[in-house]
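Please read the structure below before turning to the comments.
The values are calculated or read from the model by the stated rules, or taken from the named source; none is laboratory data. If you're wondering where the values come from, they're calculated on a predicted model, not measured in any experiment. Cβ placement follows ideal geometry from the backbone for every residue including glycine, while neighbour counts extend to all protein chains displayed.
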Amino acid sequence: MTAIAEKEQEPALQDPHPFLKWAGGKNGLLRQYQPYFPKEFRTYFEPFLGGGAVFFHLLPEKAFLSDINFELVNAYQVAVFDLDKLISLLTEHQSNHSPEYYSQIRGCNPGDLIEKAARFIYLNKTCFNGTHRVNKKGEFNTPIGRDSASALAELRNGHSQYVCDVDGLKSASLALRKSAYLDTSDFTLVESTAEKGDFVYFDPPYHPVSETAKFTSYSASGFDKCDQIALAAVFKSLAERKVKVMLSNSDCPFIRELYKGFEIVSINAARSINSDGQKRGKVGEILVVANCN
C-alpha cells in the first residue's frame, strides 16, 4: 500500500512533532544525535518509521517513510488524507475511554481504514508505555497503561489532548503532506532506492542485550539475529555507494561486531519499557554513522 502526499500551498507549520507515543522513540535523544546528522542531503529515508521523531526534527524537503507495520503506515496516511474524520473518531474514543472500553476496542478489527487508524492511535496512546506488541497471529495484545485511571480523570476534567491532540495532528499532517511519500515495506527496499547523497536513518527493533530482554514482538514474524545481519549488509552496501547512513541499536558485542569498521558513537538513553519503574535507568545504545560528515 502506497500513498504520495500532494504538494499544495499550506499555512506555516507550527512545531510538527510525533503524534504517536512510541516505545524507543528518539525525541529524548535528538540532542545527542544532532552533531552526527548530515548538514546536507537530497532525499531522506526512514525504513523503520515508528513515531517518526527524526523526520519531524529534520523536516526534510523530500522524504521516503516506510515500515513493515501496515497499521502504523495506515495511521500516517489517514492523518494526511482524512484528518477531519480521524479527529472525529479519536474524539469519540477519547470520550468513551475506560478499561472496559479499551478491551473492547483492542478486541475489534474494523475494516474501514480510517476507523482502523483511529483504533491504532487510541490504543497507542492508552496502552502500556506506548509499546506495540503483537502475538503470532499479528493481534495487538499490549495491556492498558498503568496511568489509565489518571488519564481518565484528566479526560473527565476537560484535558482533551490525551488521545486526540488536534493541533499536534494538524501540524504533523501538514509536515507529512509537504514532503513525505509513505509506504508499507521492509528495510530491504531502501537498498535499491537510496542513491549517493541521500540520507538513510535506520531505527530497527533493538537487539536484546539479554534473554530476559526479549519481551516484545514488533511484528508477528519478529526481528531476530538473521534480520540484524541482513540489515547490517544493507547498511554496508549503502555506505559503499556513498549514501549517508545512520543506525541506532543496543550497545552489545553482537551489534558492535556487525558494524566493525564504521564510526560507532555511545549514546545514553532512558529505559522506558521495563515493567518495573525503578529499573528504568540509563542504558547503553550506539549510533553507527557512515558518510555523514
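Tally time: how many residues in the range 123-140 are part of a helix (DSSP H, G or I) and either at pLDDT below 80 or more than 15 Å from the chain's Cα centre (by Cα) (or both)? Quick ask: steps written out before the conclusion?
Step one: list which residues in the range 123-140 are part of a helix (DSSP H, G or I), which gives 123-126, 128-130.
Next, only the ones that are either at pLDDT below 80 or more than 15 Å from the chain's Cα centre (by Cα) (or both) stay: 126, 128-130.
The total comes to 4.
With respect to Ile264, is the statement that it is in a loop (DSSP other than H, G, I, E, B) and either modelled with pLDDT of 95 or more or hydrophobic (A, V, I, L, M, F, W, C) (or both) true? Before the answer, list the steps.
Values: in a loop (DSSP other than H, G, I, E, B): no; either modelled with pLDDT of 95 or more or hydrophobic (A, V, I, L, M, F, W, C) (or both): yes.
No; evaluated as a whole, the condition is false for this residue.
Could you tell me whether the range 50-69 includes any residue that is part of a helix (DSSP H, G or I), farther than 17 Å from Ala172 by Cβ and among the small types (Gly, Ala, Ser)? Don't jump to the end; show me each part of the working.
The initial filter retains those residues of the range 50-69 that are part of a helix (DSSP H, G or I), namely 53-58.
Next cut, farther than 17 Å from Ala172 by Cβ only: none.
Checked against the condition, which is being part of a helix (DSSP H, G or I), farther than 17 Å from Ala172 by Cβ and among the small types (Gly, Ala, Ser), the range 50-69 yields no hits at all.
Inspect all residues belonging to the range 102-119 and state whether any of them is of a type outside the set (A, V, I, L, M), under 19 Å from the mean Cα position of the chain (by Cα), surrounded by 21 or more Cβ atoms within 10 Å (Cβ to Cβ) and assigned to a helix (DSSP H, G or I). Give the derivation first.
Of all residues in the range 102-119, those of a type outside the set (A, V, I, L, M) come to 102-104, 106-112, 115-116, 119.
From the residues that got through so far, the ones that are under 19 Å from the mean Cα position of the chain (by Cα) too are 116, 119.
Subset that is surrounded by 21 or more Cβ atoms within 10 Å (Cβ to Cβ): 119.
This time we only want the ones that are assigned to a helix (DSSP H, G or I), so: 119.
Checked against the condition, which is being of a type outside the set (A, V, I, L, M), under 19 Å from the mean Cα position of the chain (by Cα), surrounded by 21 or more Cβ atoms within 10 Å (Cβ to Cβ) and assigned to a helix (DSSP H, G or I), the range 102-119 yields at least one hit.
Only one residue in Lys85, Lys39 is surrounded by fewer than 21 Cβ atoms within 10 Å (Cβ to Cβ) and not in a helix (DSSP H, G or I), so which one is that? Full working, then the answer.
Values: Lys85 fails: not in a helix (DSSP H, G or I).
Going through Lys85, Lys39 in turn, just one is surrounded by fewer than 21 Cβ atoms within 10 Å (Cβ to Cβ) and not in a helix (DSSP H, G or I): Lys39.
Give all pairs with beta carbons closer than 9 Å in which a residue from the range 36-60 that is in the same structural domain as Tyr206 (by TED's automatic domain parsing) and more than 15 Å from Val245 (Cβ to Cβ) meets a residue that is of a type in the set (Lys, Arg) and part of a helix (DSSP H, G or I); count only pairs at least 6 apart in sequence or on separate chains.
Leu59/Lys178
What residue, among those in the range 179-219 that are at pLDDT 95 or above, over 22 Å from Val288 (Cα atoms) and not polar (S, T, N, Q), is surrounded by the fewest Cβ atoms within 10 Å (Cβ to Cβ)?
Tyr181
Please go through the range 43-84 and give me each residue that is touching a Gly at 6+ places or on another chain (Cβ under 8 Å) and under 27 Å from Ser266 (Cα atoms), ordered by number.
Those that are touching a Gly at 6+ places or on another chain (Cβ under 8 Å) and under 27 Å from Ser266 (Cα atoms): Glu46, Gly50, Gly51, Ala53, Leu65, Asp67.
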